Amino acid sequence: MRIVEVGPRDGLQNEPGTVSTALKIAFIEELAGAGLPAVEAGAFVSPKWVPQMADTAEVMAALRRRAGTAYPVLVPNMAGFEAALAARVEEIAIFGAASESFSRKNINCSIAESLARFVPVMQAAKARGIRVRGYVSCVLGCPYEGEVAPTAVAEIAGKLLDMGCYEISLGDTIGVGTPARAQAMIDEVSARVPIARLAVHFHDTYGQALANILACLERGIAGIDSSAAGLGGCPYAKGASGNVATEDVVYMLDGMAIATGVDLAAVARAGWRVCAALGRTPASKVSLALKAKLPADGGH
């Protein structure tokens, strides 16, 4: 099972508080050191809209990159891609929505326009040997349109695949999904995109994220996005709580004897330090349980 850690980007950008550049770098390095194969390191987006990501260039410049670990960054357009290129990134992520209303509210353009923006980005990335991962938002529901049809998700995912994305992450942005609906969505999308090229990205607004992940594993999904300490929400989706916590996902997979290569205690400690800086409690129940019995200094 491949876990993509999204806490340093999707997590922190949606927290009301901010952390220092130095702590952000330490957070990313600790997560990579915990054995996570991919750690989303930042986003080259307008600091006006996402001030928490304004220091991504500084983060990437100072980051001690581990061999074998991917450090993808989110880019919305060619300006973002040029900034990513200057930062010597090896992987980027692009994003589309399965909901027209969400696309307009989130990135101020239609779905078709958003995909058109990515054509030159994909061409430039391919020319430079940079891997591209695709995100689809609102795959199980939209804050403006309600339920989203699985066919709409399959169409966007298929277009991202055709553009050259090596993997498509399907995001339940507002966390409204339930296991049966998640499986129905996967069934529809996997008829268009090979199951091995799909990952899932669940928020835990209604407490369904782990159940949804398990339901998707039963369909053959082998990629999961998660966020240390359950950091992050969605600023465009009122009431949406954070991403599913990496600690909770790893604990579940460990208990199922599914290999992840991730050190659970190390992820928990990394989350504790960031949560302390943000003045918040981890949203992960596993993290809280470990905090009660593990020393914070890395001893056993």
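The values are calculated or read from the model by the stated rules, or taken from the named source; none is laboratory data. In this text the structure is predicted, and so the values were computed from the model without any measurement. Counting neighbours? That spans all protein chains shown, and the Cβs are built from the backbone with ideal geometry, glycine included.
Going by the conditions given, is residue 218 in contact with a Pro (Cβ under 7 Å, 6 or more places away or on another chain), modelled with pLDDT of 95 or more and of a type outside the set (Ser, Thr, Tyr)? When the stated conditions are applied, residue 218 does not pass them.
Looking only at residues in the range 59-110 that are polar (S, T, N, Q) and touching a strand residue (DSSP E or B) at 6+ places or on another chain (Cβ under 8 Å), the one that is nearest to residue 32 (Cα to Cα) is 69.
Taking the criterion of being surrounded by 24 or more Cβ atoms within 10 Å (Cβ to Cβ), in contact with an Asp or Glu (Cβ under 6 Å, 6 or more places away or on another chain) and in contact (Cβ under 8 Å) with a residue 12 or more places away in the chain, would at least one residue in the range 21-33 satisfy it? Looking through the range 21-33, at least one residue is surrounded by 24 or more Cβ atoms within 10 Å (Cβ to Cβ), in contact with an Asp or Glu (Cβ under 6 Å, 6 or more places away or on another chain) and in contact (Cβ under 8 Å) with a residue 12 or more places away in the chain.
Cβ separations smaller than 8 Å between residues 6+ apart or across chains give the following pairs from the range 51-79 residues that are without any contact (Cβ under 8 Å) to a residue 60 or more places away in the chain and aromatic (Phe, Trp, Tyr) to residues that are in a strand (DSSP E or B) and buried (at least 18 other Cβ atoms within 10 Å of the Cβ): 71/38; 71/39; 71/91. When we screen 103, 46, 114 for residues that are surrounded by fewer than 17 Cβ atoms within 10 Å (Cβ to Cβ), hydroxyl-bearing (Ser, Thr, Tyr) and not in a strand (DSSP E or B), the only hit is 46. If you filter the range 130-168 down to residues that are in contact with a Phe, Trp or Tyr (Cβ under 9 Å, 6 or more places away or on another chain) and small (Gly, Ala, Ser), you find that the one that is modelled with the highest pLDDT is 134. Just one of (1) basic (Lys, Arg); (2) at pLDDT 95 or above; (3) assigned to a loop (DSSP other than H, G, I, E, B) trips up residue 24, so point out which. It is condition (3) that residue 24 fails.
Could you list all residues from the range 267-298 that are of a type outside the set (A, V, I, L, M, F, W, C) and either farther than 14 Å from residue 242 by Cα or surrounded by 21 or more Cβ atoms within 10 Å (Cβ to Cβ) (or both)?
Answer for the range 267-298, where residues must be of a type outside the set (A, V, I, L, M, F, W, C) and either farther than 14 Å from residue 242 by Cα or surrounded by 21 or more Cβ atoms within 10 Å (Cβ to Cβ) (or both): 269, 271, 273, 279, 282, 284, 287, 291, 293, 295, 297, 298.
Remark: pairs (first residue in the range 165-185, over 14 Å from residue 153 (Cβ atoms) and touching a residue at least 60 places away in the same chain (Cβ under 8 Å); second residue part of a strand (DSSP E or B) and among the charged types (D, E, K, R); Cβ separation under 8 Å; 6+ apart in sequence or on different chains) = 165/133.
Considering each residue of the range 123-152, count those that are among the β-branched types (Val, Ile, Thr), over 17 Å from the mean Cα position of the chain (by Cα) and within 16 Å of residue 191 (Cα to Cα), and give that number.
Looking only at the range 123-152, we keep the residues that are among the β-branched types (Val, Ile, Thr), and these are 130, 132, 136, 139, 148, 151.
Adding the requirement that they be over 17 Å from the mean Cα position of the chain (by Cα) leaves 130, 148, 151.
From what's left, within 16 Å of residue 191 (Cα to Cα): 151.
Adding up the residues that qualify gives 1.
Modelled with pLDDT of 95 or more and assigned to a strand (DSSP E or B): does that describe residue 92? Yes; evaluated as a whole, the condition is true for this residue.
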